[in-house]
Amino acid sequence: MKKLFLLLAVVIVAYACSKDSSGDGKPSIAFRSYNMSEIPNPAPPIVVYLNLKDSDGDIEDRLFVRLNYFSDGGDTITYNFEPFNLPKLGSYRGSNINATIEFRPNDTYLNPKENMPLDSVWFSMYVQDNAGNISDTIATPRILIHGE
């Protein structure tokens, strides 16, 4: 009886310690920093540094970003989430990912469609893994935009 109990305990411990291969771990994303404290005019390329974690490594290239502007008049302009590629994350497939990544929005993405004086900009972001799990949505701090 003791041997059966010991064998059962070993099987339970081995199962509990085995890697979850179902790909159902929720990824996480956190803001780390910007490459500048304010956006001058004309604006050099802005870089948003993010911490990305995924315990089962099934996140490859799905970063969703929403651009938010705050105008001088106090209005908020918000756009829809758009997908962006995260290069080279697919090479970590199946591994525990804990990395700092760079998001570099292009100039056309940062230029607002409305013609109004802007005060600041911030990003809302989330990531999605291959199993469809979505991280919490984060909001970066606002960064001041200098006018013309």
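Numbers below:
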| quantity | calculated |
| --- | --- |
| Unmet requirement for Gly132, which otherwise passes all of (1) modelled with pLDDT under 85; (2) assigned to a loop (DSSP other than H, G, I, E, B); (3) within 21 Å of Gly25 (Cβ to Cβ) | (1) |
| Of all residues making up the range 98-129, the number that are loosely packed, with under 13 Cβ neighbours inside 10 Å, assigned to a strand (DSSP E or B) and either at pLDDT 90 or above or not β-branched (Val, Ile, Thr) (or both) | 2 |
| Matching residues in the range 26-39 - criterion: being hydroxyl-bearing (Ser, Thr, Tyr) and either at pLDDT 90 or above or in contact with a Ser or Thr (Cβ under 7 Å, 6 or more places away or on another chain) (or both) | Ser28, Ser33, Tyr34 |
| The range 101-123 residues that are under 26 Å from Lys53 (Cβ atoms), paired with ones that are at pLDDT below 70 and in a loop (DSSP other than H, G, I, E, B) (beta carbon under 6 Å, 6 or more apart) | none |
| Candidate set: the range 40-75, residues that are farther than 15 Å from Phe103 by Cβ and not in a loop (DSSP other than H, G, I, E, B); chosen: the one modelled with the lowest pLDDT | Ser71 |
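The values are calculated or read from the model by the stated rules, or taken from the named source; none is laboratory data. Small disclaimer: the values here were computed from a predicted structure and weren't measured. Quick reminder, even Gly has a Cβ in these numbers, built from the backbone with ideal geometry, and neighbours come from all protein chains shown.
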